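To keep things clear, I will list the structure first and then write my remarks on it.
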Amino acid sequence: MKRHGILNSHISKVLTDLGHTDMVVIADCGLPIPAGVERIDLALELGTPSFVDVVRIVADDMAVEEVTLASEIKEANPVALEAVTKLDVPQDYVSHEAFKELTKQAKVIIRTGEATPYANVILHAGVIF
C-alpha cells in the first residue's frame, strides 16, 4: 500500500503515464464528458468530493506547468478560481464552449461532486527535470 500521494489507483496510474503537455481535467459534476475520453468518477453526492480538494490533491502529486480555465469562472466562481490560483502556475482563459472542446483532447476527466458553476480546470502536465 502507498504511504504518500494519491491512493486512488486509477488516478495514480494516469498521473504516472502522463507525458509533457498531456491534459488532465478536473470537473464539476455537470461538465459533459466527450465520448472516448476516460472518466474517473469520484462524485459521491452533491459537493463531495469538492473541486477544491481534488485540485489540491491531484496538483500536489502532478507536475503542472499551466492551467486552462473558462473565463466565466472569474465572475461566477471566485472560490474555485482561488483554489486554482494557489497552484502558482500560468493561467490561460478561454470561453466555456472552447473549454469543452479542449476536453476532447484530455487523457482523463476526473469528475468531482462539485455543484457550483464553472468549477473545471485543465491541468497541463509539466516535467520534473
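Return the subset of LYS74/LYS104; LYS13/LYS74; LYS2/LYS104 for which the Cα-Cα distance in this structure is over 28 Å, preserving the input order.
Long pairs (Cα-Cα over 28 Å): LYS13/LYS74; LYS2/LYS104.
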Fluctuation leader among VAL94, VAL54, VAL67 - the chain, Gaussian network, Cα springs under 10 angstrom:
VAL94
Provide the gained length on full extension for the span GLU45 to MET1, in nm with one decimal, where the gain is 0.36 nm per separating residue minus the Cα-Cα distance.
13.1 nm
Where Lys and Arg each count +1 and Asp and Glu each count -1, what net charge lies around THR112 among other residues with Cβ under 14 Å from its Cβ?
-2
Kirkwood calc, the chain, C-alpha pairs only, radius in angstrom 14.5
Note down the accessible area of ILE33, probe 1.4 Å, to the nearest 10 Å².
40
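Test of understanding: what is the full-extension gain from ALA98 to SER12, defined as 0.36 nm times their sequence separation minus their Cα-Cα distance?
Extra length available between ALA98 and SER12 comes to 28.2 nm.
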List, in order, the whole-Hz ³J(HN,Hα) value for each residue of region 57-74 obtained from phi through the Karplus relation with A = 6.51, B = -1.76, C = 1.60 and θ = phi - 60°; use x for Gly and Pro.
6, 5, 5, 5, 9, 10, 7, 10, 9, 6, 10, 10, 10, 6, 4, 5, 4, 4
Comparing ILE57, ILE11, ILE110 in a Gaussian network model of the chain (Cα, 10 Å), the one with the largest mean-square fluctuation is ILE57
Cut-off under 5 Å, modelled amide H: who pairs with SER71 long-range
VAL94, SER95, HIS96
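The values are calculated or read from the model by the stated rules, or taken from the named source; none is laboratory data. Values in this document were obtained by computation on a predicted structure and should not be read as measured data. For neighbour counting, all protein chains shown are included, and Cβ atoms are generated from backbone atoms with ideal geometry for every residue, glycine included. Note: accessible area is taken over every heavy atom of the protein model, side chains too, but ligands, DNA and RNA are not part of it. Shrake-Rupley method; radii C 1.70, N 1.55, O 1.52, S 1.80 Å.
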